[in-house]
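To keep things clear, I will list the structure first and then write my remarks on it.
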Amino acid sequence: QMLLHESGGGLVQAGGSLRLSCVATGRAINHFNMGWFRQAPGKDREPVALIRYIDASTYYNDFVQGRCTLSKDNAKNTVDLQMRNLKPEDTAIYLCTAGGQFSTKAAHYTYWGQGVQVTVSS
């Protein structure tokens, strides 16, 4: 069983930055694909950034291209998301996830954190 604990959310003005952190406990993350999804009210959960464990290749959704950096530290059992130039439309709950299959579909991930709120004011 893996537990994921997120931190770093909050309220930020448009154009600002936030760093979201996710710490895994219970299992080592080195053989898990990991990343972040987000979910805004009334919308489906959508992938933000994902990292493939086998070669550390990354996926970034088009809406964050050039504004986010995902990093995974197997030694610390963490995966962080640095977000820059935030926009009001980035407002959502951001959730850390881990799974055995690399996919942009939320249903393919096994473990989920509780999520952190990110609110971007205009």
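Brief remarks on what is shown
The rows are residues; the columns are (1) open to solvent by less than 70 Å² (accessible area, probe 1.4 Å); (2) more than 15 Å from the chain's Cα centre (by Cα).
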residue	(1), (2)
30	yes, yes
37	yes, no
40	yes, no
55	no, yes
72	yes, no
77	yes, no
84	no, no
96	yes, no
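- Considering residues of the stretch 98-122 that are of a type in the set (Ser, Thr, Tyr) and under 12 Å from residue 3 (Cα atoms) only, the residue surrounded by the fewest Cβ atoms within 10 Å (Cβ to Cβ): 110
- Scanning the stretch 7-25 for residues that are part of a loop (DSSP other than H, G, I, E, B) and either among the acidic types (Asp, Glu) or open to solvent by 40 Å² or more (accessible area, probe 1.4 Å) (or both) returns 14, 15, 17.
- Residue match in the stretch 55-62 (condition: in contact with a Leu (Cβ under 7 Å, 6 or more places away or on another chain), aromatic (Phe, Trp, Tyr) and at negative phi): yes
The values are calculated or read from the model by the stated rules, or taken from the named source; none is laboratory data. Since this is a predicted model, take the numbers as computed values, not measurements. Neighbour counts are summed over all protein chains in view; Cβ atoms, including those assigned to glycine, are modelled from backbone coordinates with ideal geometry. SASA here: full protein model, heavy atoms, side chains in, ligands and nucleic acids out. Shrake-Rupley method; radii C 1.70, N 1.55, O 1.52, S 1.80 Å.
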